[in-house]
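Read through the structure below, which is laid out as structure tokens, and then see the notes.
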Amino acid sequence: MRFSNFLRSKLLTWCSRSIHGSSQKLLEEVGDYSTLNTSERSKFLNKISAFMGYNNIQDLVEQERARRQSTADANDVYEEFDFSLTCGRFPCIKLGDSSLVELYDEVPHAEEQANLLPPESCNEYLSTSGTKWEKCSKLVGTCYSVNPPPAEINPSSPMEDNSFVIQLDSLEADSDAEGKVEEEETSKNLLESPTIESVLDRTIRSLPGTTRRQCCQLEGGGFYTVRKLLHHFPHTYADLANAWKKIEAGRYVMFVGIVLSSRGIRAGKSFSFLEVIVGCEFQKNEEDSKIEDDYGTDDKKIYLHLKKFFRGTRFTYQPFLKSIQSKYNEGDCVNVSGKVKKMLAEGHYEMTEYIIGNLDKEDQDANEQRMPYPFYPSKAGMKPNFLADIISRALKTLTIDMDPMPDEIRKDFNLLNLYDAYMGIHHPKNLNEASLARRRLIFDEFFYLQLGRLFQMLDAIGIPIEKEKLLDKYKNHELNTVCVKDWSDLTKSFRKALPFSLTPSQQNAVSEIIWDLKRPVPMNRLLQGDVGCGKTVVAFLACMEVISSGFQAAFMVPTEMLAIQHYELLLSLLENIGGTECTPSVALLTRSTSSKQSRMVLKGLQMGEIALVIGTHSLIAEKVEFSALRIAVIDEQHRFGVIQRGKFNSKLYSASSSLRMNWRNLGDSLEDKAYMAPHVLAMSATPIPRTLALALFGDMSLTQITDLPPGRSPVQTFVIEENEIGFEKVFQMMRDELIAGGKVFLVYPIIVESEQLPQLHAATADFQSIPDNFRGYQCGLLHGRMTSDEKDDALRKFRTGETRVLLATQLVEIGVDVPDASMMVVMNAERFGIAQLHQLRGRVGRGERKSKCVFLSSTSAALNRLKVLERSSDGFYLANADLILRGPGDLLGKKQSGHIPEFPIARLDVDGNILQEAHFAALKVLGTSNDLQLFPKLRAELSMRQPLCILGD
Ligand SMILES: Nc1ncnc2c1ncn2[C@@H]1O[C@H](COP(=O)(O)OP(=O)(O)OP(=O)(O)O)[C@@H](O)[C@H]1O
């Protein structure tokens, strides 16, 4: 009922009882109510209230409500007129309160005003027989839980509101019309031949109905192709099938309803606001009606008052106000999400931070079927609703036969069709479908990664028969070993020369590697083991096996210091072998090797006079040519990455012409040699969780050393907060250790003090002051800015015991082996990752001496995170913790994590099983056709997905 009609009926009732002479005049005035401006209305309402004996109109409404609620026929009353709507229209304004009525001064009256919130249209929507409301009332139960509440959505952010886009889009529409026609033509043509390339890798500009401006916007956000767009996945869904029936203030909820009014209101000289009222109706089933809820017990309607405020004179002009209010039309079916605040009037809620979007026919149908409603993250200023709309358009261009995955693989691994997967992730019918779709898309991300790695590895081999053997080897997961008696004599002698016996795990690792070395295909193996477990000797033994058959070995390490350490260790072990004749010649090649010396080394390698070379990156330089490189050991694999590993493969391909001549002279087949890539044994001291290892090294077999050399006891670990008491305690522990004959590492996060980060301790600064605490003991300094001789000298002095305290940076993290170092203190431990700290801790406890490690944290917040190191000394466990806490980037460092592609949907820490399956699927595909000739669609898809760097080019 119109408000004026209500007033008339109210007045008539009153007049029939009243003898007041002016009642007839008032009735006439009520007839003209809709033509009055706001101020006149306010005055009139006050006058009428006063005549009827109320203080003001608010008083009238309140009392009338109370009276009607107490009558038995309350429902009829509500059908007659909804008071809450009157009160709730502008809850900040008390109707009839003259001081606030000026808010309406600028609102155009008559027809224009009627357009803003015509009571009849409210009536029409709210009455059960109204056609528009009928449309709305179909949207049953439309207050939905968002599970989990999407934390990422910041409704206050301007980009969350698509109003601006809509406005601009409409302005743009005309000017783009011509371009659009052209584009539509093009897209029609493209749609005619739906191949995998044409569908997913079609440019975004081919999407029908997309304006040029929208395309630019999308491209600005990186959405160049349909694939990119479709890989913008929803981060959560509103579970419409299990909607919350209770609105809780402050909770993120989603509604679907009908726009009842939209008004741009000037509220002052430089203040305006937009108020959109959305009516939502809920159909309670029997069970729901038993629940006492916030909607009130009788009416099933709620009214959302969406408010957006504007400050500034320019926002108070009519054109602006008109433009903002015209974005939402009465009768529009919209979805609204955000946090609600209860208003005084029952069933009325206010939302000041919200997202609103128009629902098209499909969305409305989806709502009727209670399909999950996808929430998209915004991107590059593009609002979720805009993206959702474009994604829907892109989905329409997909074809059912676009899936490049062979049917057999799909069946074997129980995968959805790709078309269904894209539909299922973006427009799922239920949450189960969304989860199946997610599984298929994760599978794809992993599958193409594995396929790419394995394909590239096979590609490097060249001979089909070798490829098959290699694939067989990958498929065969049995542990294959060669027993010690079948090791070569040189390997056995080297083993005997070791000052200790191998642990069972070490022995097994060597046997496994030797088995692999005897295969006619290149080995690609990752040797993993916890810090200090003795990987180096295992690698040396593998080198000996290769050298014994007349080939060469290269041992690449990440730092010069480590190269020297390994070189010296190897020389000392070889000395023990005795019998100079069979002792292999060993060389060192680093950046600091003198040019004369390096010339000799290069020549020795080229002529085959040097059997084993230890060095840094220098080993993969162009000028380094081997006579017959058969194994490349890469220590600390994650510091190098796939590219460098790949470079060893190319060593033989780029053999010098002189070498080729040599081979010819020797009568060897050039082809065989040229295509024989060396075996690669990569070592990782950062235990990499299995999933991550597979993602990174899907083309590698894995050997693990699972035990530690005997006599090792776990390093006692303490996490202490940096403060005066903490320092004193640690210094005392250090003094005790020195008195007991131990050696102490003091590790710093930085070399020199930083003004930006004053809380960080620096090695050089402390080197001036710390020694005072340890009088009588020499202290040394080691950091990356020292020359290689200085570093060598510092480490040598520490090793020999000349210095007993070594202040160092994290340079010591990798491979430094001082077996009698018995204590480590890490300053500002909060700056390091868990896996990194575990590595550092591994520098002590490498001998038989009981050792301890102290992690000092300058923030108490980090203490809990660090405490995991007190509880565990299992590198795999800790690496997993790091992976979950900080992601692969932090676990592996930038260099290696750069080789993990971005997975838009998969998560390495939870989707390990799918990764494993994808690995098997890739093996299966390549087993059927190792050059993918039989699967042209797969090949095309692979080339679209795999950037070359991942393939090691
Ligand atoms: N079986 C063994 N018995 C006793 N000591 C051993 C054994 N194997 C290795 N070691 C010693 O253990 C120490 C650590 O070995 P090594 O440097 O090979 O370990 P690693 O796994 O390469 O360590 P990191 O991960 O720190 O690089 C060395 O001093 C080495 O001599």
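Scanning the range 795-810 for residues that are buried (at least 17 other Cβ atoms within 10 Å of the Cβ), among the polar types (S, T, N, Q) and not in a loop (DSSP other than H, G, I, E, B) yields 809, 810. Count of the range 608-629 residues, restricted to those that are acidic (Asp, Glu) and more than 18 Å from residue 677 (Cα to Cα), is 1. Under the condition of being in contact with an Asp or Glu (Cβ under 8 Å, 6 or more places away or on another chain) and part of a strand (DSSP E or B), which residue from the range 334-353 is surrounded by the most Cβ atoms within 10 Å (Cβ to Cβ)? Applying the filter and picking the extreme gives 335. The set of residues in the range 811-829 being out of contact with any His (no Cβ under 7 Å at 6 or more places or on another chain) and in a helix (DSSP H, G or I) consists of 812, 813, 829. One residue is enough: does the range 557-568 have a residue meeting the conditions away from the ligand (no atom under 15 Å from the Cβ) and polar (S, T, N, Q)? No, the range 557-568 contains no residue that is away from the ligand (no atom under 15 Å from the Cβ) and polar (S, T, N, Q). The numbered conditions (1) surrounded by fewer than 22 Cβ atoms within 10 Å (Cβ to Cβ); (2) more than 23 Å from residue 713 (Cα to Cα); (3) in contact with a Pro (Cβ under 9 Å, 6 or more places away or on another chain) are all true for residue 792 except (3). Among the residues making up the range 222-246, those that are in a helix (DSSP H, G or I) and modelled with pLDDT of 65 or more are 226, 227, 228, 229, 230. Restricting to the range 700-741, and then to whatever is part of a loop (DSSP other than H, G, I, E, B) and more than 16 Å from the ligand (Cβ to nearest atom), can you tell me which residue is farthest from residue 679 (Cα to Cα)? Applying the filter and picking the extreme gives 723.
Of all residues in the range 357-415, which are modelled with pLDDT under 80, among the aromatic types (Phe, Trp, Tyr) and touching a Leu at 6+ places or on another chain (Cβ under 7 Å)? Hit for the range 357-415 is 373, nothing else. Restricting attention to the range 840-899, the residues being more than 16 Å from the ligand (Cβ to nearest atom), part of a loop (DSSP other than H, G, I, E, B) and at pLDDT below 80 number 2.
Within the range 528-545, the set of residues being at pLDDT below 90 and more than 9 Å from the ligand (Cβ to nearest atom) comprises just one member, 528. When residue 675 is tested against the conditions (1) at pLDDT below 75; (2) surrounded by 21 or more Cβ atoms within 10 Å (Cβ to Cβ), the lone failure is (2). The selection criterion, being of a type in the set (D, E, K, R), within 16 Å of the ligand (Cβ to nearest atom) and either surrounded by fewer than 20 Cβ atoms within 10 Å (Cβ to Cβ) or closer than 23 Å to residue 713 by Cα (or both), does not hold for residue 518.
When residue 515 is tested against (1) under 43 Å from the mean Cα position of the chain (by Cα); (2) within 20 Å of residue 613 (Cα to Cα), only condition (2) is not met. Checked against the criteria, residue 726 counts as closer than 22 Å to residue 852 by Cβ and out of contact with any Phe, Trp or Tyr (no Cβ under 9 Å at 6 or more places or on another chain). Looking across the range 821-839, the residues that are within 25 Å of residue 793 (Cβ to Cβ) and either more than 10 Å from the ligand (Cβ to nearest atom) or hydroxyl-bearing (Ser, Thr, Tyr) (or both) come down to 821, 822, 823, 824, 825, 826, 827. If you go through the range 911-919 one residue at a time, do you hit one that is farther than 23 Å from residue 866 by Cβ, assigned to a helix (DSSP H, G or I), of a type outside the set (Ser, Thr, Tyr) and modelled with pLDDT under 75? Yes, because at least one residue in the range 911-919 is farther than 23 Å from residue 866 by Cβ, assigned to a helix (DSSP H, G or I), of a type outside the set (Ser, Thr, Tyr) and modelled with pLDDT under 75.
The set of residues in the range 695-728 being at pLDDT 90 or above, surrounded by 19 or more Cβ atoms within 10 Å (Cβ to Cβ) and not hydroxyl-bearing (Ser, Thr, Tyr) consists of 719, 720. Entry remark, the range 522-556: residues being within 15 Å of residue 708 (Cβ to Cβ), in a loop (DSSP other than H, G, I, E, B) and not acidic (Asp, Glu) number 4 in total. Inspect all residues belonging to the range 487-508 and state whether any of them is within 40 Å of the chain's Cα centre (by Cα), away from the ligand (no atom under 11 Å from the Cβ) and either modelled with pLDDT under 90 or under 30 Å from residue 818 (Cβ atoms) (or both). Yes, some residue in the range 487-508 is within 40 Å of the chain's Cα centre (by Cα), away from the ligand (no atom under 11 Å from the Cβ) and either modelled with pLDDT under 90 or under 30 Å from residue 818 (Cβ atoms) (or both).
The values are calculated or read from the model by the stated rules, or taken from the named source; none is laboratory data. Note that the coordinates shown come from a computational prediction; the quantities given were computed from them, not determined experimentally. Using ideal geometry, Cβ is built from the backbone for each residue, glycine included, and neighbour counts are taken over all protein chains shown.
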